[in-house]
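Here's the structure, in structure tokens; my notes come after.
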Amino acid sequence: MQSNCCDMLVFGGTGDLALHKLLPALYYLHRGGRLHRDTRILALARSSHTRAAYQALAERHCRAQVARADFDDDTWKSFAERLDYFAMDASQSADFGRLAKALGNDRERVRVYYLATAPDLFEAIASHLKVAGLAGAGARIVLEKPIGHSLESAQAINAGIGAMFDESQVFRIDHYLGKETVQNLMALRFANALFEPVWRAGHIDHVQISVCETLGVENRGAYYDNAGAMRDMIQNHLLQLLCLVAMEAPVRFDAESVRNEKVKILEALKPITGQDVRDKTVRGQYTAGKIGGQEVPAYYFEKNVDNDSDTETFVAVQAEINNWRWAGVPFYLRTGKRLARKTSEILIQFKPVPHQLFGNGQANQLLIRLQPEERISLQLMAKNPGKGMRLQPVELDLNLADAFNKQRRWDAYERLLLDVIEGDSTLFMRRDEVEAAWQWVDPIIKGWQQHYQSPRPYAAGSNGPEQLQHLLERHGRQWIEESDS
């Protein structure tokens, strides 16, 4: 089924996001017949490229990103017919007049403005689009994270964008919400009667949400050194996952109903201030070490990073939700770079049975893994063959790739770009949602500064700072690691 007739304009069209993620996703949508036959794709940047030169650049990157079996010359040729390039400076209002003239006056077309740029350009681009008459009812603007670096700056950006575009036209993207397994989390919770009675404090001991990376900061040193793991990952990706685990069932599966429930969770998060910042958070920064047998430098020797940097590359937080369903259940969030393994996963740790009849049982676990493979597994206790009642854990395992082996797994950006074109904002963040997340994150960052809580060192290739284990061990818990799952 084809989507609406659309002009897809990508600001920052020569950047990594556009070339590595957005164009390959649009290629797949084209290949699958999901784009209207008259949909146009226009990349915008300051570089002086001809259309042919940009198409060659885009082809090179798409060939590298798209599966070999999915890329063929005929499909690329038809896709390239949609693809054009427009050289402009997004900070100069005069260039938007030229852009408006180039686009024409077809008011029936949906116009999607994807801002794959630095956040400090968001307000200027939105203002220039409005002045040039390009922010009409059919316009949609997509904002990449980070939306600000604090509550105050996020409110300023949202106010600036809101002055030019209606909230229904603004799509704040978090690509984690486009992942298949994340959406399967909602299906698991709200389409299966099995879990609802036990999805609450009476049966769940704690929840772990982990997003671990083996990579360092790569080419993002200048940005990352001003952001850190808290702003880069916790404020958006991990809090979004927490919301989906903890939210109540929405009245309907539509944008406002889903986002209303997520905002309730963010507003119910217990503030972490004062001494709690020391007790309930762990900050770390990687030192030199080995990843996959290869020596890697310390963070402060990375490109475009200050040699005296106090920026955290690792964060763990003990979060709590003050509502009836979750009171007393800790949610442990952790994320970091240059760790021992690459994984994104959610662990639901159930409480043990009230009485250990057989003496050697373990509490049930539900593991939802987003990467490297998409998998949902439920650990149960079963009798070991032979005499007696010796138990061992066994897994009911759903590997989504195997379960749907005849269907290609969509990339998150494919789904989200199609949602923008169709005007479906269910998987995007609303203004109050972004600001509620900053409302919780800001006091933690300020607490680090007030208590001089510098990042703890951890060797690249390890599981993080030594203090990480104390966060759980003092309550008799432990982090799940590869050998445990």
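No value in this document is a laboratory result; all are computed from the given coordinates. The shown structure was predicted, so the numbers you read here are calculated from the model rather than taken from an experiment. Counting neighbours? That spans all protein chains shown, and the Cβs are built from the backbone with ideal geometry, glycine included.
Its relative contact order, with pairs defined as Cα atoms under 8 Å and 6+ residues apart, puts the stretch 6-173 at 25 percent. Taking the average, over residues, of other Cβ atoms within 10 Å as the packing measure, peptides 358-367, 199-208 rank 199-208, 358-367 from highest down. Projected label points at residue 46 and residue 387, each 7 Å from Cα along the beta carbon direction, are separated by 8.0 nanometres. Across the chain, the volume of the C-alpha convex hull divided among the residues equals 169 Å³ per residue.
Output the pairs from 21/179; 130/264; 179/262; 145/270 with a Cα-Cα distance over 21 Å in this structure; if there are none, say none. Violating the 21 Å limit, Cα to Cα: 130/264; 145/270. Our summary gives the chain a relative contact order of 18 percent, counting only alpha carbon pairs under 8 angstrom and 6 or more residues apart. Translational diffusion of the stretch 6-173, estimated by Stokes-Einstein from the Kirkwood radius over alpha carbon pairs at 4 °C in a medium of 1.567 mPa s, is 79 µm² per second. Based on C-alpha pairs under 8 angstrom that are at least 6 apart in sequence, the stretch 321-433 has a relative contact order of 15 percent. Across the options 273, 391, 114, the greatest Cα extent toward the positive end of the charge dipole of the chain (unit charges at beta carbon of Lys, Arg, Asp, Glu) belongs to 391.
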